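Below: one structure, written as structure tokens.
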Amino acid sequence: MTSFHSGFIALIGPPNAGKSTFLNKVLGEKIAIVSPKPQTTRTSITGIYTTRESQIVFLDTPGIHTARTKLNRLLVDAAWRSLGDAHGVVLFLDAAKYAQNIQALERDLRPMAARLEKSGLPMVVALNKTDAVKPKMLLLELLDICAQRWPGMDLVPISARTGDGLEQLLGSLQSFLPVTEILYPEDQLSTLPIRFMASEIIREKLFLALQQELPYNIAVDIEEWEENTEQGLVVISAVIYTSKKSHKGIIIGQQGQTLKLVGQRARQELKTLLESKVHLNLWVKVREGWTEDRHFLSTLGLG
Ligand SMILES: Nc1nc2c(ncn2[C@@H]2O[C@H](COP(=O)(O)OP(=O)(O)OP(=O)(O)O)[C@@H](O)[C@H]2O)c(=O)[nH]1
Ligand SMILES: [Mg+2]
């Protein structure tokens, strides 16, 4: 019998590289929220991938960037903290972005390169979004540049969207993991509490519905959660906090249209997550300066 490998792999990279999309694709379930905006992920998100040979506990992390606000510093700290638990790292890069603009690669790596090297952890580089690299020649040029930058390191072109290259990437991770017993039950996909997942779904719908900087001033907190098993109904009340008075009206929208749409979309997904009917109440509250309020940030599970 071959030995079983089990351990933690951190997904690290600049914001918007597709780390969370990759996690969801590998697990075949939506664990982490995804949006076209950077800094979507705010905490370390576990996703457990179990096969007959191994169990990889992925740690999806917030994108690493030069953070200026307290909230963003906490996000970046959370990403670095997850390295402490990891046996190996996948460095995620947006190949479509760098194929067009190679200078952006060095700029985006600056806040992370030295620290990643210092960690001494084994690493593989995933060049993601290959489906969007056009013309394909540019991918070869990017691979060349990466091979010079990381001599001898595994470079795996992938598309988290289509699934291309995922098997190869997963295969190269097994050798990073120690031989040990399985860490979590084989059917467990995450360690995230269900209430947290629900608040994340609501936050994702807000990220998708709101323009520009607005979503960054938003946090979602579940205030009430009542399960009525007889009726097969879960009643959820959530508060959407915004740090700016002027944003409250925008979140609600004309005649409540925006909030209504967010509620409908979130409820639809919550129904699938909870396998139950869902009644969702959403409230918007202004809490000025919450992104700088350490105490409030910690009540949200950040920092
Ligand atoms: N074309 C293409 N788009 C992708 C691919 N992977 C991710 N995306 C898109 O890239 C955007 C960012 O994806 P996320 O998974 O949220 O990226 P992330 O690295 O988790 O971002 P943060 O949480 O902000 O650090 C989304 O719009 C995804 O749909 C891919 O393989 N191909
Ligand atoms: Mg993410």
Item checked: Matching residues in segment 82-103 - criterion: being surrounded by fewer than 15 Cβ atoms within 10 Å (Cβ to Cβ) and more than 15 Å from ligand 1 (Cβ to nearest atom) -> G84, D85, N101, I102, Q103
Checklist line | Residue that is farthest from R115 (Cα to Cα) [pool: residues in segment 53-74 that are in contact with a helix residue (DSSP H, G or I) (Cβ under 9 Å, 6 or more places away or on another chain) and of a type in the set (D, E, K, R)] | finding: E53
Note to self: For segment 41-81, give me each residue that is hydroxyl-bearing (S, T, Y) and away from ligand 2 (no atom under 15 Å from the Cβ).
What the structure shows: Y49, T50, T51, S54, T66, T69
Notebook entry, point to check: Inside segment 78-129, can you point out the residues that are acidic (D, E) and at pLDDT 95 or above?
Noted result: D94, E106, D108
Margin query: Just to be sure I understand, how many residues within segment 144-174 are closer than 24 Å to K25 by Cα, outside any loop (DSSP other than H, G, I, E, B) and out of contact with any strand residue (DSSP E or B) (no Cβ under 8 Å at 6 or more places or on another chain)?
Written below: 3
Item checked: Yes/no for L302 being assigned to a loop (DSSP other than H, G, I, E, B) and in contact (Cβ under 8 Å) with a residue 24 or more places away in the chain -> yes
Next item on the list: Report the residue count in segment 17-33 for those that are more than 12 Å from ligand 2 (Cβ to nearest atom) and in contact with a strand residue (DSSP E or B) (Cβ under 7 Å, 6 or more places away or on another chain).
Entry: 2
Item checked: Options L127, L155, L166, L183: the member that is in contact (Cβ under 8 Å) with a residue 40 or more places away in the chain and within 16 Å of ligand 1 (Cβ to nearest atom) -> L166
Check: Of all the residues that make up segment 169-178, how many are touching a residue at least 60 places away in the same chain (Cβ under 8 Å) and surrounded by 14 or more Cβ atoms within 10 Å (Cβ to Cβ)?
Finding: 6
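The values are calculated or read from the model by the stated rules, or taken from the named source; none is laboratory data. The shown structure was predicted, so the numbers you read here are calculated from the model rather than taken from an experiment. For neighbour counting, all protein chains shown are included, and Cβ atoms are generated from backbone atoms with ideal geometry for every residue, glycine included.
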